[in-house]
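Read through the structure below, which is laid out as structure tokens, and then see the notes.
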Amino acid sequence: SSQGGYEVASAVAFYPRWRIGLYCDPARNQYRQHPLDYMEALRECVCKMLENVDKEIIDRVKGISFDTTASTPSLTDEQGTPLALLPEYAENPDAMFILWKDHTALEEADAINDLAKHWELDYTRFSGGTYSCEWVWAKMLHCLRNDPSLRGKAYSWVEHCDWIGALLVGDTTPAKIARSRCVAGHKAMWHESWGGLPSSDFLHAVDPLLDTFRGHLYRETVTGDVRIGGLCPEWAGAFGLRPGIAVGVGAIDCHVGAVGAGIVPGGLVKVMGTSTCDIAIARYEEIGDRTVRGICGQVDGSVVPGYVGFEAGQAAFGDICAWFRRLMGWPLKHIAKGDPHLEELILGELTIEAERLPLTVDDPVALDWFNGRRTPDADPRVQGCISGLTLATSAPAIFKALVEATAFGSRAINERLLEEGVAINSIIAIGGIARKSRFVMQTMADVIGVPIRVPEIGQACALGAAMFASVAAGVFPSLVAAQQAMCPELSVEYRPDAFRHAVYDELYRRYKRLGGSADAK
């Protein structure tokens, strides 16, 4: 609701193909999603949500906006149709949306970075100085290189958040799709100072295959508060909503979640899930011409219009705990043939025991780079490790070290932002881990040495999307006004313990030394 930001109804729908692991190969870091998953789950989720809502309330819905993962792009044909929706490519993973955590485009990212450092204009300047294999240009080039059969139909590419918006307004033509400033700036090297996307000459020099997209993309982008059209009759009928209600441009989930959490200049919002995203904003006069090295970009208006938005993050966070749970559960599943639900209890028991362990400077120390390092200083090839193990090391001690490693990674990001002149006076945490794990959150506060507050809301990203929709629909004149009316209260605060912070200072020094050794290999 635009009055107070309270939740009227909610629903969850699972991606049917993703849920059973189709098109993914974790051993190769390949993660793909079929566009039908998005279409079917979107329809199911909205319909389920509205089932128990009074018609009077449904008739008062004025707008719809959304957030998605990014960079999650797909090749499209001339009509803007993702290639996997064409019969001949229906089961081809390279024709699908390439999920954010897919790391198959390592060589392509290397080619972009090598050229950018010698080009007359460094297109990675506002991307932290490094272009990631998680981002659109590397992924689209990889697909074209990997499967020549796609080249005949490939015409353009589209990010997930842009495609959903185009789908809902009823026109996916590449030339007409509204492109999100958020995803373009952070993932596609878009910047106003060089006229939008990187030049065709630069892209051709990376690989002539990128000529596929010459003249088929975009120059202009829009911020998340912009109305891109009205809900088309087809999707209005599918949802049970009025045709013509405002549709706002999509944006990256963590950026939208930061808005929902009430981000302000000087505040850092940590979106904590399988990975993390750290979002900050700053006034133009505070940043000037400076660029922050080693992060995932700084983009005008990518979070809150009228401010510079910054993104950093960790490529694995909750995923590390999930990996350890699977590791510990292997004997239960394969030898004892026990109840599969027992695996779900492992993290809870490990947490109880880990909290009881004493904290010393001699404890095991781990690196959190189990899915590479996103920031600071992206490197998808580095790996996680655990140091200081002895025959006396227990499973809870290893679990504790893994949790601490994720907190050390967060501290490294904070320190980089501060070194580069981005003010951080407060931290807000959102996401499943922030709400569910007191142990993780207290460890984070103790390691960083700053209080961390958690807002009283389960779906901050959805609330942020609702704020954007309220502005796109004209309910509020600006996003700041929408935040003031709709932001939730902060329910929990984790304050650092001085003694534990001092111990963690020494363990953090060991973490950095361990990271330096791993980098040198």
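The values are calculated or read from the model by the stated rules, or taken from the named source; none is laboratory data. Please read these numbers as outputs of a predicted model, since none were measured by experiment. Virtual Cβ from ideal backbone geometry, glycine too; neighbours counted across all protein chains shown.
Key figures for this structure:
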| quantity | calculated |
| --- | --- |
| Flag if E44 is modelled with pLDDT of 95 or more, in the same structural domain as M96 (by TED's automatic domain parsing) and either among the charged types (D, E, K, R) or part of a loop (DSSP other than H, G, I, E, B) (or both) | yes |
| Residues that are under 30 Å from L22 (Cβ atoms) and either touching a helix residue (DSSP H, G or I) at 6+ places or on another chain (Cβ under 7 Å) or aromatic (F, W, Y) (or both), drawn from region 103-132 | T104, A105, E108, A109, A111, I112, Y131, S132 |
| Some residue of region 23-31 being aromatic (F, W, Y), outside any loop (DSSP other than H, G, I, E, B) and assigned by TED's automatic domain parsing to the domain that holds F213 | no |
| Residue ranges of strands (runs of 3 or more DSSP E) in region 234-288 with at least 1 members under 18 Å from I448 (Cβ atoms) | 267-272, 276-282 |
| Residue count, region 161-212 (criterion: under 25 Å from the mean Cα position of the chain (by Cα), surrounded by fewer than 24 Cβ atoms within 10 Å (Cβ to Cβ) and of a type in the set (F, W, Y)) | 0 |
| Count of region 190-200 residues which are part of a helix (DSSP H, G or I) and under 13 Å from E220 (Cα atoms) | 3 |
| Residues of region 479-521 satisfying the condition of being in contact with a strand residue (DSSP E or B) (Cβ under 8 Å, 6 or more places away or on another chain) and crowded, with 17+ Cβ neighbours inside 10 Å | C487, P488, Y494, L507, R510, Y511, L514, G515, A518 |
| Failed condition for R19, given (1) surrounded by fewer than 16 Cβ atoms within 10 Å (Cβ to Cβ); (2) in contact with a helix residue (DSSP H, G or I) (Cβ under 7 Å, 6 or more places away or on another chain); (3) under 28 Å from T81 (Cβ atoms) | (2) |
| Region 360-374 residues that are farther than 13 Å from A407 by Cβ, paired with ones that are crowded, with 20+ Cβ neighbours inside 10 Å and of a type in the set (D, E, K, R) (beta carbon under 7 Å, 6 or more apart) | N371/K101 |
| Any chance G464 is modelled with pLDDT of 95 or more, at positive phi and not aliphatic (A, V, I, L, M) | no |
| Residue pairs meeting the criteria (Cβ under 6 Å; at least 6 apart or on separate chains; first assigned by TED's automatic domain parsing to the domain that holds A175, in region 208-220; second basic (K, R)) | Y218/R179 |
| Residues located in region 408-442, provided they are in a helix (DSSP H, G or I), under 20 Å from the mean Cα position of the chain (by Cα) and of a type outside the set (K, R) | F408, G409, S410, A412, I413, N414, L417, G432, I433, A434, V440, M441 |
| Some residue of region 469-482 being at pLDDT 95 or above, more than 22 Å from G257 (Cα to Cα) and not in a helix (DSSP H, G or I) | no |
| Region 252-277, residues that are of a type in the set (V, I, T) and more than 17 Å from L417 (Cα to Cα) | I252, V256, V259, T274 |
| Condition check for A465: touching a strand residue (DSSP E or B) at 6+ places or on another chain (Cβ under 7 Å), surrounded by 14 or more Cβ atoms within 10 Å (Cβ to Cβ), touching a residue at least 40 places away in the same chain (Cβ under 8 Å) and in a helix (DSSP H, G or I) | yes |
| Region 272-302, subset of a type in the set (A, V, I, L, M, F, W, C) and either over 17 Å from the mean Cα position of the chain (by Cα) or farther than 19 Å from P376 by Cβ (or both), residue surrounded by the most Cβ atoms within 10 Å (Cβ to Cβ) | V292 |
| Identity of the residue in region 92-102, in a loop (DSSP other than H, G, I, E, B) and out of contact with any helix residue (DSSP H, G or I) (no Cβ under 8 Å at 6 or more places or on another chain), that ends up nearest to Q33 (Cα to Cα) | L99 |
| Condition met for A405 (buried (at least 21 other Cβ atoms within 10 Å of the Cβ), out of contact with any Ser or Thr (no Cβ under 9 Å at 6 or more places or on another chain) and not in a loop (DSSP other than H, G, I, E, B)) | yes |
| Region 306-348: number of residues that are within 20 Å of the chain's Cα centre (by Cα) and crowded, with 19+ Cβ neighbours inside 10 Å | 14 |
| Residue that is farthest from V256 (Cα to Cα) [pool: residues in region 55-74 that are assigned to a strand (DSSP E or B) and under 20 Å from the mean Cα position of the chain (by Cα)] | S74 |
| Hey, A392 assigned by TED's automatic domain parsing to the domain that holds A322 and either free of Cβ contacts under 8 Å to residues at least 24 places away in the same chain or closer than 30 Å to Y284 by Cα (or both) or not | yes |
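Here is a yes/no grid of residues against (1) touching a residue at least 40 places away in the same chain (Cβ under 8 Å); (2) within 19 Å of Y123 (Cα to Cα); (3) in a loop (DSSP other than H, G, I, E, B):
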| site | (1), (2), (3) |
| --- | --- |
| G294 | yes, yes, yes |
| V303 | yes, no, yes |
| G313 | yes, no, no |
| I320 | yes, no, no |
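Yes/no matrix, rows are residues, columns are (1) assigned by TED's automatic domain parsing to the domain that holds T274; (2) buried (at least 21 other Cβ atoms within 10 Å of the Cβ); (3) in contact (Cβ under 8 Å) with a residue 40 or more places away in the chain:
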{"position": "Q79", "(1), (2), (3)": "no, no, yes"}
{"position": "P82", "(1), (2), (3)": "no, yes, yes"}
{"position": "T104", "(1), (2), (3)": "no, yes, yes"}
{"position": "E108", "(1), (2), (3)": "no, yes, yes"}
{"position": "A111", "(1), (2), (3)": "no, no, yes"}
{"position": "K117", "(1), (2), (3)": "no, no, no"}
{"position": "E120", "(1), (2), (3)": "no, no, no"}
{"position": "S127", "(1), (2), (3)": "no, yes, yes"}
